[in-house]
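> The structure that follows is given in the form of structure tokens.
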Amino acid sequence: MIANLYYLQPILSLVTGAFGIPLATSGLLVSCAQLGYTLGIVLVVPLGDVLERRALLSRMFTINALALLVAAASPNFLLFCAAVLISGVTASAAMLIVPYVASIAAEHRRGQVIGVVMTGALLAIPLSWLVSGGIGNAAGWRLVYASAGCAALILLMLLRITLPTEPERRGQPVRYEQLMRSLWQLILEYPALARRALYGALGMASFSMLWTGLPILLSQPPFNFSTSSIGLIGLTGVTGALIPGVVGRLCDHGYRHALAFGLASLMILAWAVLSFAATGLWIIIAAAMALNVGVMGLQITHQSVIYKLAPAANSRITAVFISINFVGGAIGSAVASFGIRYVGWEGLCLLGAALPAALVLAYALKERPFARVAVQ
């Protein structure tokens, strides 16, 4: 589901060429997928708290598969955009699965189980580029979407076989307006959710600053990388995707505070190293790997806390947490776009390090990790 949002980037030139659209407007396609995903997070994911989740996921996977197959066969640009938008909305099924798994996992293993699921979600980003670029170059962009649609259908069958049913949720009345209002009520009722969402937004802003600013840096002297070469740097994200399982297990054993400080400090160190990027590519690769580990590990520490607040509201908690994280990521991208122009790469590194530093300060003040009784 997450990979569906990222298949497009490596094959943008192929898609726009097929429809006769200027490459300069290709960013609109990426926006369609991201906009759809955000809408799905806010408007659909909360339904996971009131509807039978196996049935809801089945419908979302079905619509997702159909949208991807329509995208593969689209005769015109507008239909393709609509299909991409709908596939983005239904890709939010990924964020239904995370709280679903959290709710049925044993409490002493919840962090570990969340980490396993998130590993798959995070691996999707770098690996989707490899799959899309490889299939697109060899057989064309339409096969990319046709393959993704078939994969969604296979996953649909696996979900129907493996996920437990929830008969107690069938036939429950759904007051959608009340459900949406409850998102704000959750923020007011559980201050820890608001705090963890803010910490997550700071981390994602720093993360987005790197992946918005780094392609600009690498495309200029002394690097002068091609687009395909820059894309390979994205494989550093695999390291971040491999850490959630370890972090989840450590959270289960009560090391959340130590992890929060350690991972945020790792991000600060990574930005400090990145300020010497001109020294060589190995500096960039090592620092980018460290930053990915820090950000993704922090996400797991936050989720290990928020999913214990109100298990019956885990889907809505996910909607709040992820949407605020998205806002942080969008702000980080905007800051990077302007920052690298006006303050240079070194200035951007300083701004990037300031965010995890602010996270450490806020965490120390609000969570009181060194108090005898820590506030969760």
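> Can you pull out the residues in region 317-356 that are of a type in the set (A, V, I, L, M) and over 30 Å from residue 47 (Cα atoms)?
We begin by selecting, within region 317-356, every residue of a type in the set (A, V, I, L, M); these are 317, 319-320, 322, 324, 327, 330-331, 334-336, 340, 343, 348, 350-351, 353-355.
Of everything in region 317-356, those that are of a type in the set (A, V, I, L, M) and over 30 Å from residue 47 (Cα atoms) turn out to be 334, 335, 336, 340, 343, 348, 350, 351, 353, 354, 355.
> Considering each of 269, 274, 214, 218 in turn, give the residue that is surrounded by 17 or more Cβ atoms within 10 Å (Cβ to Cβ) and modelled with pLDDT of 95 or more. Give the steps one after another, and end with the answer.
Working: 269 fails: surrounded by 17 or more Cβ atoms within 10 Å (Cβ to Cβ); 214 fails: modelled with pLDDT of 95 or more; 218 fails: modelled with pLDDT of 95 or more.
Among 269, 274, 214, 218, only 274 is surrounded by 17 or more Cβ atoms within 10 Å (Cβ to Cβ) and modelled with pLDDT of 95 or more.
> Go through region 110-155 and report how many residues are within 22 Å of residue 18 (Cβ to Cβ) and not aliphatic (A, V, I, L, M).
14
> Which of the residues belonging to region 126-141 are closer than 22 Å to residue 67 by Cβ and surrounded by fewer than 20 Cβ atoms within 10 Å (Cβ to Cβ)?
Quick first cut of region 126-141, residues closer than 22 Å to residue 67 by Cβ only: 127-129, 131-133, 135-136, 139-141.
Answer for region 126-141, where residues must be closer than 22 Å to residue 67 by Cβ and surrounded by fewer than 20 Cβ atoms within 10 Å (Cβ to Cβ): 127, 131, 133, 139, 140.
> Return the pairs, sorted by first residue and then second, in which the second residue is surrounded by 20 or more Cβ atoms within 10 Å (Cβ to Cβ) and among the hydroxyl-bearing types (Ser, Thr, Tyr), the first residue lies in region 348-368 and is farther than 18 Å from residue 258 by Cβ, the beta carbons are less than 9 Å apart, and the residues are 6+ apart or on different chains.
Within 9 Å, the pairs are 351/206; 352/206; 353/206; 354/206; 355/206.
> So, one more: Can you tell me which residue among 163, 193, 158 is modelled with pLDDT of 90 or more and either surrounded by 20 or more Cβ atoms within 10 Å (Cβ to Cβ) or in contact with a helix residue (DSSP H, G or I) (Cβ under 6 Å, 6 or more places away or on another chain) (or both)? Write out each step before concluding.
Numbers: 163 fails: modelled with pLDDT of 90 or more; 158 fails: either surrounded by 20 or more Cβ atoms within 10 Å (Cβ to Cβ) or in contact with a helix residue (DSSP H, G or I) (Cβ under 6 Å, 6 or more places away or on another chain) (or both).
On inspection, the qualifying residue turns out to be 193.
> If I ask for residues that are under 30 Å from residue 52 (Cα atoms) and not aliphatic (A, V, I, L, M), which ones from region 307-358 would you list?
To start, the set of residues in region 307-358 that are under 30 Å from residue 52 (Cα atoms) comprises 307-327.
Matches in region 307-358: 307, 308, 311, 314, 315, 316, 318, 321, 323, 325, 326.
> Residue 280 - would you say it is loosely packed, with under 15 Cβ neighbours inside 10 Å and either farther than 24 Å from residue 130 by Cβ or within 17 Å of the chain's Cα centre (by Cα) (or both)?
Numbers: loosely packed, with under 15 Cβ neighbours inside 10 Å: yes; either farther than 24 Å from residue 130 by Cβ or within 17 Å of the chain's Cα centre (by Cα) (or both): yes.
In short, yes.
> On to the next question. Within region 356-368, can one find any residue that is at pLDDT below 90, surrounded by fewer than 16 Cβ atoms within 10 Å (Cβ to Cβ) and over 20 Å from residue 186 (Cα atoms)?
Yes: one or more hits.
> If you check every pair at least six apart or on different chains, which have Cβ atoms under 8 Å apart with a residue in region 290-302 that is under 11 Å from residue 260 (Cβ atoms) first and a residue that is at pLDDT 90 or above and among the aromatic types (Phe, Trp, Tyr) second?
298/199; 302/199; 302/321
> Give the number of residues within region 48-76 that are within 26 Å of residue 182 (Cβ to Cβ), free of Cβ contacts under 8 Å to residues at least 24 places away in the same chain and not in a helix (DSSP H, G or I).
Residues that pass the stated criteria total 0.
> Residue check, residue 144 against (1) at pLDDT below 90; (2) part of a helix (DSSP H, G or I); (3) among the β-branched types (Val, Ile, Thr), all met but one. Which one?
Of everything listed in (1) at pLDDT below 90; (2) part of a helix (DSSP H, G or I); (3) among the β-branched types (Val, Ile, Thr), residue 144 misses just condition (1).
> Just checking, does region 240-256 include any residue being modelled with pLDDT under 85, surrounded by fewer than 18 Cβ atoms within 10 Å (Cβ to Cβ), in the same structural domain as residue 340 (by TED's automatic domain parsing) and of a type in the set (Phe, Trp, Tyr)?
No, region 240-256 contains no residue that is modelled with pLDDT under 85, surrounded by fewer than 18 Cβ atoms within 10 Å (Cβ to Cβ), in the same structural domain as residue 340 (by TED's automatic domain parsing) and of a type in the set (Phe, Trp, Tyr).
> Pick from region 27-54 the residues that are more than 19 Å from the chain's Cα centre (by Cα) and modelled with pLDDT under 90: which of them is nearest to residue 125 (Cα to Cα)?
In this case the residue turns out to be 28.
The values are calculated or read from the model by the stated rules, or taken from the named source; none is laboratory data. Please read all numbers here as calculations on a predicted model, not as lab measurements. Reconstructed Cβ throughout: ideal geometry from the backbone, glycine too, with neighbour counts over all protein chains shown.
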